[in-house]
Amino acid sequence: MRIADRIGNLPPYVFARLGRRIQELASQGKDIIRLDIGSPDLPPPDSVVEAMYRSAQDPSHHGYGGFYGTPELRQAMASYYEHRFGVTLDPNTQVASLIGSKEGIANIALAFVDPGQVVLVPDPGYPTYSLGTLLAGGVPVRMPLLPENGFLPDLDDLAQDEVRAAKILWLNYPNNPTGATATLEFFERVVDLARKHDFLICHDNPYCDLSFDGYVAPSLLQVPGALDVALEFNSLSKTYNMAGWRVGMAVGNSVAVEALARTKTNIDSGIFRPIQDAAVLSLTGDQGWLWERNEIYRERRDLIWGTLHKIGLAAEKPVASLYIWAQIPAGYSSVDFATRLLEEAGVSITPGSAFGQYGEGYVRISLGMATDRVREAMQRLEKFEF
Ligand SMILES: Cc1ncc(COP(=O)(O)O)c(C=O)c1O
């Protein structure tokens, strides 16, 4: 059987490979604490689960969910952007509902990128930006995110030819994996660049509501004129603890929204209606509980950061996202360090190289695990000899 080169040439999805090894160890009776994956451990509020249940009891809600999402869902997404960011969107032309943002991130490449065309992707970065590009036959060109630049791409340093040739430039702040944040001034500079060179900015913003110490993350769409050149991806996965439900959005430039929606109508058939109805409640209901939830993440962040500090591993204290990005001890590759920690201490963290070559020298530690398990993992880390 011969599979397509398109797939055969892709690197395996790191988390799937790591997951298989963890399962092997677990089946041998090892207690593995998983701080490697960015899935919230907590559930959404009961009212959201009940809304899903109520909707599922309606016999007419079991057919296809509709290509574009219900008008109520798109309106709820637009209302969220209005309340949260002061950004006004037309729910009919500037909002696309997604079956989780990951599919949209991959599908936007099919909508915008022809074979051989350049897409600028952050390195380290969420792998789907470059894998989606490769699936479309495009060429991902890496923008290094370096600590001396606050893990922002150096816009002055982007090779002029590459910027000129780019169809899409990807950004993601609050950032996975580094936990870095960006200011509106930085976003303004990117919007100027996109106008000058006529590329689409795709800003991936799923961590905007996971923040601590009073930090409030912006939307790139708050920049005046951003709607002319940008699409922002967002998700209910992290904000509302709904990662398994698969519901997200792409909002912004209407041409990009339409192109993405047109691509998707040929690939999927929309979100299950009860999930759409529950998503409306999440987006428009009381948002107060998010701050209590973020306090739980903050406690875990402090616990992990405090331990790293104690054992001498350098890391910034992030004010947003679900991750701590820590430097590993000299003499290890990130895969070697993560593997030793997994095999010998039963703590699973993600090697930085999983996010690109500039992730080497780091590991990513997730806050999405019950606090007592995080505490136990940190005790193991303190005893670990490296
Ligand atoms: C930066 C980033 N973007 C997008 C996603 C995908 O989120 P979802 O498909 O659950 O909306 C993730 C998930 O971890 C992520 O870290």
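Here are the numbers for the structure shown:
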{"read-out": "Semi-axis lengths, Å, the stretch 298-386, gyration tensor of Cα atoms, sqrt of 5 times eigenvalues", "value": "18, 15, 12"}
{"read-out": "Normalised per residue, the volume of the convex hull around the Cα set of the stretch 19-68 (Å³)", "value": "189"}
{"read-out": "Gyration tensor (Cα) of the stretch 213-279, equivalent ellipsoid semi-axes in angstrom", "value": "23, 21, 7"}
{"read-out": "CD proxy at 222 nm, helix term only [per DSSP H run n ≥ 4: -39500 (n - 2.57); per residue of the chain; nearest 500]", "value": "-12000 deg cm²/dmol"}
{"read-out": "Normalised alpha carbon radius of gyration of the stretch 180-312 [divisor 2.2 N^0.38 Å]", "value": "1.25"}
{"read-out": "The stretch 244-320: Rg to Rh, with Rh as the Kirkwood radius over Cα pairs", "value": "1.17"}
{"read-out": "Cβ-based net charge around residue 178, under 12 Å, with every Lys or Arg adding one and every Asp or Glu removing one", "value": "-1"}
{"read-out": "For peptides 2-10, 177-185, sequence by mean Cβ density within 10 Å, most packed first", "value": "177-185, 2-10"}
{"read-out": "By average C-beta atoms within 10 angstrom, highest first, the peptides 92-100, 63-71", "value": "92-100, 63-71"}
{"read-out": "About the Cα centre, charge dipole magnitude for the chain (Lys/Arg +1, Asp/Glu -1 at Cβ), debye", "value": "840"}
{"read-out": "Fraction of beta bridges assigned by DSSP in the chain that are antiparallel (%, nearest 5)", "value": "50"}
{"read-out": "Two-decimal log10 I(q)/I(0) for the stretch 324-365, as the Debye equation yields it once each C-alpha is a single scatterer, q = 0.16, 0.17, 0.18 Å⁻¹", "value": "-0.31, -0.35, -0.40"}
{"read-out": "Protection proxy ranking of 219-229, 16-26 - average other beta-carbon atoms within 10 Å, highest first", "value": "219-229, 16-26"}
{"read-out": "Tensor-based shape of the stretch 86-221 (alpha-carbon gyration tensor, a/c under 1.5 rounded, otherwise prolate or oblate)", "value": "rounded"}
{"read-out": "Links that overshoot a 26 Å alpha carbon limit, given the list 102/196; 238/264; 317/383; 102/167; 102/310", "value": "102/196; 102/310"}
{"read-out": "Relative pair counts by distance (%), Cα atoms of the stretch 56-163, 5 Å bins", "value": "2, 10, 14, 14, 14, 16, 15, 7, 3, 2, 1, 0"}
{"read-out": "Convex hull volume of the chain per residue (C-alpha atoms, cubic angstrom)", "value": "156"}
{"read-out": "Cα-based Kirkwood hydrodynamic radius, the stretch 335-386, one decimal, Å", "value": "11.5"}
{"read-out": "For the stretch 101-141: rounded, prolate or oblate by the Cα gyration tensor [a/c cutoff 1.5]", "value": "oblate"}
{"read-out": "Alpha-carbon Rg/Rh ratio, for the stretch 1-111, with Rh computed the Kirkwood way", "value": "1.06"}
{"read-out": "Scattering curve values for the stretch 233-386, log₁₀ I(q)/I(0), Debye with Cα scatterers, q = 0.09 Å⁻¹", "value": "-0.42"}
{"read-out": "Relative contact order (%) - criterion: Cα under 8 Å, at least six apart; region: the chain", "value": "24"}
{"read-out": "Space enclosed by the convex hull of the alpha-carbon atoms of the stretch 160-209, per residue, Å³", "value": "84"}
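Readers should treat all values here as calculations from the given coordinates under stated rules, not as data from a laboratory. Owing to the predicted nature of the structure, the values given are computational and were not obtained by experimental measurement. Cβ: placed from backbone, ideal geometry, glycine included. Neighbour counts: every protein chain shown.
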